[in-house]
1. Starting from the 7 Å offset along Cα-to-Cβ, what nm value, one decimal, do you get for the label separation of residue 127 and residue 157?
2. Could you give the distance between the Cα centres of region 13-80 and region 305-330, to the whole Å?
3. Which whole number in µm²/s is D for region 124-178 by Stokes-Einstein, with the Kirkwood Rh taken over Cα pairs at 37 °C and 0.692 mPa s?
4. Suppose the Debye formula is applied to equal point scatterers at every Cα of region 142-261; what is log10 I(q)/I(0) at q = 0.20, 0.21 Å⁻¹?
5. For the chain, report the translational diffusion coefficient in µm²/s to the nearest whole number, using Stokes-Einstein at 4 °C, 1.567 mPa s, and a Kirkwood Rh over Cα pairs.
6. Report the Rg/Rh value for region 190-264, based on alpha-carbon coordinates and the Kirkwood definition of Rh.
7. Under a 5 Å amide H to amide H cut-off, with H placed in plane at 1.01 Å, what residues pair with residue 306 once short-range neighbours are removed?
8. Please list, in chain and number order, the residues 5+ apart from residue 329 or on another chain whose amide H is under 5 Å from its amide H, with Hs placed from the backbone.
Amino acid sequence: MDFSSADLVDAFRIELELCKVQAGENVLIFTDPRFVRPEYAPAAFAAARTLGANAYVMTSQGDQMLDDKLVRAAWRNADMILGMSMLPRGIGSWMYTDTSNDALKAGARVLMVQEPFAGLKRMLPNETIRRRGLIGAQMMQEAKEIRVTSAAGSDYVMRKDGRKGAYQCGIADEKGRWDHWPSGMVACAPLEDSAEGVYVVEPGDVLLGLWRYAQNRVKMTLEKGKIVKIEGGSDAYLLQAYLDGHGDDGAYRFSHAGWGTDERADWGAIGMDSESKYGTVLVAIGRNVFDAPTEHCGLGGVNNSTAHCDICCRNTSFWLDGKLIVENEQFLVPDLR
Ligand SMILES: [Fe+2]
């Protein structure tokens, strides 16, 4: 279905209210000419104005790396930033740039909004998703070891000593908090040299970095944090080609690991629905240099790769320090339901 900007203003207003946008605040809407949903920026602009905020739209050129003085100053001085852009090209997302990290450090709230409108409506943030996320992030933060197993053959461990536990619920309402509307998930950055074991992706799981469902089984062998072998059919070939195309050491190491918290997510809609689906397990490869000063936000990883491939798996078990947290898409910890 097509929507005009006017159709979207109400939803953006609800979202900005959830993010506690106040009269007189400076709201920066960052986009680029190739962003596929050009109706979003005017809708966000109008919604911010109805709340009495000062709204600005910055449309950057398509080869912008988000590293020039003007962009950095604008981001650092905004109260609220709505990022709706695929820039900078080549590293997956603006959320992994110094510009975004510095804005968060300076106290900006930063919200990514770039999924189709059906997803924004389907997963409008609510307190249940926030509660599950926060409790999950607290559990994740305290844990030192992650183990992932599945009937399909996954069995691997990762260390996370000292790393944060983070959550996303689609609301950036605290100073220095980043979030993504729509999303519901718990995550952390495992230590990049720690993964050991076998990671199996089944047909129907989502290779999000390749923007496709796996058609056949992919088996990755992990040693000392690195993917040392990828076996399978065409999907294994494509994943190997993607990682080799980036080719840096970090392309073969993990980025973040965690689970989805939103039962409204639709597995038939590839994107944040895949990452957010209740009880599914997401272990991503590649870049994770993203941090925020706010508790339970950001990753604090050191993987500087240009690659980033989220992989979202169904029917997978997730363990923290030997305790089973998720089994076959059901939470064994009542507080996480
Ligand atoms: Fe990711």
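1. Reported label-point gap for residue 127 and residue 157 is 4.0 nm.
2. Using only Cα atoms to place each centre, the spacing works out to 33 Å.
3. Roughly 252 µm²/s, to the nearest whole number.
4. -1.24, -1.31
5. D = 65 µm²/s.
6. Rounded to two decimals, Rg/Rh equals 0.97.
7. 248
8. 315, 316
Throughout, read-outs are computed from the coordinates displayed, never taken from laboratory work. The shown structure was predicted, so the numbers you read here are calculated from the model rather than taken from an experiment. In this analysis, Cβ positions are derived from the backbone assuming ideal geometry, glycine residues included, and neighbour counts consider all displayed protein chains.
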